[in-house]
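Every read-out reported here was derived from the displayed coordinates using simple, explicitly stated rules and does not represent laboratory data. This structure is a prediction, so every number in the text was calculated from the model and none was measured. All Cβ positions, glycine included, derive from the backbone under ideal geometry; neighbour counts span all protein chains shown.
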Amino acid sequence: MAVVDVHRFAELITCHAWSPDHFRPVESLHVLEKHDQIVSGIDWSSKSNKIVTVSHDRNSYVWSLEGSEWVPTLVILRLNRAALCVQWSPKENKFAVGTGAKTVCICYYEQENNWWVSKLIRKRHESSVASVTWHPNNQILQLDLSYSWVFGVKWSPSGKVSHSSMIYFVDDVGPTPLAQSVAFRDLPLRDVLFIFEKMVIGVGYDSNPMVFAADDTGICIWEILRPINSMAATANDASESSKSRGGVHDNCINSIVPLSKAGSPKQCDSALQDWMDGKIAIWDLENMQEKLGHQF
């Protein structure tokens, strides 16, 4: 496993998203200028090639490529607090917005009126919604609320999950879910990504990504393996602070998103974004299971 590319696009990056073709630019091609405060969330639909952005200015825009220009359409969220995060649904017919107003907006396009409509989920949460993620069935949302210090959550590929210096794995989601927590000595996580059904990468306030895996005994016991930067180290080294070992990033890693190779059904690469040092790094995760010596 190795870093295959590192780019620095700005002094500080708050969020990022890959284009559908996973094109890797070395310089800015377009600047989307509409928001007048921090852009806190962005997502790029893989089928319809539309970009959705949200901002602390309490607005959202859906950007469509017309010719060589990205044209924005305003989505009025009717918020009195900042919009914090956004994600397209799996079918890309709607998107969800988490907010500092302790609410979630579901936005969809009305063909007959040629505009985007925002509907609030009436349930009022106890704190800001810091992250949203859709279940693969396009109907269920999972939320992170900031009062519990959870910043990142993802569904496993089959739709069955996961944070402090602790990560939680939830199986058999339903009335009586089975949950397991894994504590670790490194700094807390901010985001997680399933790269396989039983392998997860976590990123956060430690400058190195962490790998978690479950065994295949039928009980599905999760454990921390080691930071990505120390794959050649012994298991005892995994408890050391990853900052002491150095790495690509110099500070907190804000998010992680999957990047698949052209024509491959697997998530072979992952892009790691560091909002404190302005870097985006691409890690080659191919053959990760073999290199870890962990069978699934």
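Ranking Tyr109, Tyr61 by Cβ neighbours within 10 Å, fewest first, what do you get?
Neighbour counts put them in this order, fewest first: Tyr109, Tyr61.
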For Ser40, residues with placed amide H under 5 Å, excluding near neighbours: Val54, Ser55, His56
Distance histogram in 10 Å bins (all Cα pairs of region 32-148, percent per bin): 14, 49, 31, 5, 0
Charge dipole (debye, nearest 20) of region 32-148; +1 at Cβ of Lys and Arg, -1 at Cβ of Asp and Glu: 540
Per-residue HN-Hα couplings for region 30-41 [Karplus 6.51, -1.76, 1.60; θ = phi - 60°; Hz; x = Gly/Pro]: 9, 10, 8, 10, 8, 5, 10, 9, 4, 7, 9, x
